[in-house]
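Scroll down for the structure; my scribbles are underneath it.
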């Protein structure tokens, strides 16, 4: 492809850069996402296209892309698209390889018209994954809470009984970590994180 690659995509894998070039060629270049806050080092770019809002993003060094299709109140990744016809369940890892994600979005863009899809199914499988990922009943979450609680209690006791400022500091940090872990589901639910 001969279209220039948008500057933010220079470090992206080749399929993601090719998608950015294709979008620019079609007159719908990627632009910085407005109103989206991303952690330092990450990025998110959007392109308004006839099929919906295409999103390209970098999260903790991992590049991917998906699309907000009409009638679906979520960004639809390639694995959700593939799961609906088979009734599959999405992985909690949500790591569609960049080449597969770019091929999915490119295929939708290059199709003569948007293929038919079940918006309710797409929304359901994406929401199920999010509920499992952010749910408070997950075993891993409870184990992490128990470990942090145990370290915090032992640090507090050691800090007081042995008069160790370092252990008291660890108990304070552990308390803050516990509060963060307990409040995280509420924050995600309220602000959609």
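Just so you know, all these numbers are worked out from the coordinates, no wet-lab data involved. Everything numeric here is computed off the predicted structure, so don't read it as measured data. Here the Cβ is made from the backbone with ideal geometry for all residues, glycine too, and neighbour counts use every protein chain on show.
Here are some notes:
- Two-site label geometry, residue 48 and residue 60: point separation in nm, points 7 Å out along Cα→Cβ: 3.3 nm
- Prolate/oblate/rounded label for segment 7-134 (Cα gyration tensor, a/c 1.5): oblate
- The helix-based estimate of mean residue ellipticity at 222 nm for the chain, built from -39,500 (n - 2.57) per DSSP H run of four or more residues and divided by its residue count, is -17500 deg cm²/dmol to the nearest 500.
- Computing FRET efficiency as 1/(1 + (r/R0)^6) for residue 111 and residue 184, where r is the C-beta to C-beta distance and R0 is 45 Å, gives about 0.70.
- Computed FRET value (nearest 0.05) for residue 119 with residue 91, which takes r as the C-beta separation and R₀ as 22 Å: 0.55
- Taking every alpha-carbon pair under 8 Å whose residues sit at least 6 apart, the chain reaches a relative contact order of 13 percent.
- Counting only alpha carbon atoms, the long axis of helix 139-161 and the longest principal axis of the chain meet at about 30°.
- Efficiency of FRET from Cβ geometry, residue 99 and residue 146, R₀ 30 Å, rounded to 0.05: 0.15
- Folded to 0 to 90 degrees: helix 14-25 orientation relative to the chain principal axis, Cα: 50 degrees
- For the chain, the longest principal axis of the C-alpha atoms and the axis of helix 165-191 are separated by about 40°.
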